[in-house]
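The values are calculated or read from the model by the stated rules, or taken from the named source; none is laboratory data. From a predicted model like this one, the values you see are computed outputs, not experimental measurements. We place every Cβ from the backbone using ideal geometry, glycine too, and count neighbours over all the protein chains shown.
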Amino acid sequence: MNPSPPYLGYLVGAPSWAACRLAKQNITAIAWPNKNRFVTAYQQRMMRDRNASCPSLKRVFDNAGLQERRDAYEMAVRPHPNYYHEETRKQLSREHAVGYYEQKRELVDIKELRPEYQEIASHVLQDVILRLKRAYDDFFRRVQNGEPPGYPRFQGRNRYDSFCYPDGAGWKLEAKERPAEKKGIVRVNLRLTKIGTVKLHLHRNIQGTIKTLTIKREGEHWYAICTCEIGQPDPFPTSYEDVGIDLGVTHFAALSNGTFIDHPRYLRHAENKLAKAQQALSRKQRGSHKRKQVVQRVAKCHHKIAKQRKDFQHKASHKLVNQYQIIVFEDLQVKNLTKAPAPKQDENGNYVPNGAAAKAGVNKSILDAGWSTFTQMVSVNAAWAGRTVIFVDPSKTSQMCPNCQTIRKKTLDERWHSCECGCELDRDTASAKVILDLGHQHLSVGTRPTSATA
Ligand SMILES: [Zn+2]
């Protein structure tokens, strides 16, 4: 008599299908940072001109597209006498909506009316329309799901910082073998229609066939991102170790074998610097030259933090995937975890402290740690390597004893797990062990001896 499995769990990285689905990989090649010695001053100036005019034209174009969609609705649908009748409204929306294909057809006319748009490759503009479509699709999906809808926004001046070539048109990679005495490094040039040729600094070799190319700016750095389709990779040799992982605030992660991955508090370290830059920013007058400089400083801080975090996560993720066959995480909903706590009232209706300030600090650590990107990263890496990632129900994992399964509530600052059955463990290690057990129960391989369950 066991109608439902005791714990909710679901499989993410089942090796068979996941590897097929993930047969695409992002390969980033760094291109033309401003201080790039590869690019002559003349070229830099030319490119900056091109890139300055291109995004601003694109932004105008994007905003016009949004305006058009809005106007279509406001003029044709809203004034209708039966607007508040749901069926009529839906019917009208279907008839009068301006969508992706309509806007794509208009491109030709736009180019005729506004010659400056002829300068921009049509793929780039088509991509802008596609993004607008996606923004609308997401908006309608959120409305349907009853989430906060978030109407697509008009874009500010500094917002646009990337554009995409959705297929092979408009760009070309030219590889040039260098002489042997220069270690045979391949020199790669990227030729972009209407922008010119730029020298690339490849951060890794390109494998497979390139499907799309995105040019992206982050602060003062430019990147060319190639998405490549490559064949199915060979799985790693089977490992006989499994691991449960408790992502925490004290340590970044506690492993069920008793080890820890320490928390990289990059954001905390860089916070003072960032705070100073942001204070300076608030003092500057809008539109001033100084303000622009400080905006760059803030962006640089954020950029550095993001890079450090990503680097750490990649390394930690590879280490886990190399060593363990089955990796079990809690299915944490970071969005819910980082919510502000509900206000508390006493019996007279006065508000009493609800721990919001303390929670805010914890929230910062949670977001700093980047748990969700990390679990995603591990899932992807695991799928490539033929490993399995399982997410289990997080309720009670921190309260259960891994030895005798009794549940005893712990407060947040109780750091040690000690149970009447004689089980003495670090609190986070204990929950990592529980998480691993749940994962095994889910797979029904709990009987398989692994060093991690010892
Ligand atoms: Zn116990």
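Points to keep in mind about this one:
- Set side by side, the residues ILE120, ILE129, ILE110 differ, and just one is β-branched (Val, Ile, Thr) and modelled with pLDDT of 75 or more, which is ILE129.
Residue-wise test of (1) among the aliphatic types (A, V, I, L, M); (2) over 18 Å from the mean Cα position of the chain (by Cα); (3) surrounded by 16 or more Cβ atoms within 10 Å (Cβ to Cβ).
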position: ASP262; (1), (2), (3): no, yes, no
position: HIS269; (1), (2), (3): no, yes, no
position: ASN272; (1), (2), (3): no, yes, no
position: LYS292; (1), (2), (3): no, yes, no
position: ARG297; (1), (2), (3): no, yes, yes
position: CYS301; (1), (2), (3): no, yes, yes
position: GLN308; (1), (2), (3): no, no, no
position: HIS314; (1), (2), (3): no, no, no
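- The set of residues from segment 413-440 being part of a loop (DSSP other than H, G, I, E, B) and within 16 Å of the ligand (Cβ to nearest atom) comprises GLU414, CYS419, GLU420, CYS421, GLY422, CYS423.
- Note on segment 395-412: residues that are more than 11 Å from the ligand (Cβ to nearest atom), of a type in the set (Val, Ile, Thr) and surrounded by fewer than 16 Cβ atoms within 10 Å (Cβ to Cβ) amount to 1.
- Close pairs (6 angstrom Cβ cut-off, 6 or more residues apart or separate chains): within 21 Å of VAL392 (Cβ to Cβ) and free of Cβ contacts under 8 Å to residues at least 24 places away in the same chain in segment 417-437, within 11 Å of the ligand (Cβ to nearest atom) and not in a strand (DSSP E or B) anywhere: HIS417/ALA430; CYS419/CYS401; CYS423/CYS401; CYS423/ASN403
For every residue, the table says whether it meets (1) surrounded by fewer than 17 Cβ atoms within 10 Å (Cβ to Cβ); (2) at pLDDT 75 or above; (3) in the same structural domain as ALA299 (by TED's automatic domain parsing).
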{"position": "PRO148", "(1), (2), (3)": "yes, yes, no"}
{"position": "ARG153", "(1), (2), (3)": "yes, no, no"}
{"position": "GLU177", "(1), (2), (3)": "yes, no, no"}
{"position": "LYS182", "(1), (2), (3)": "yes, no, no"}
{"position": "VAL186", "(1), (2), (3)": "yes, no, no"}
{"position": "ASN189", "(1), (2), (3)": "yes, yes, no"}
{"position": "LEU192", "(1), (2), (3)": "no, yes, no"}
{"position": "THR214", "(1), (2), (3)": "no, yes, no"}
{"position": "ARG217", "(1), (2), (3)": "yes, no, no"}
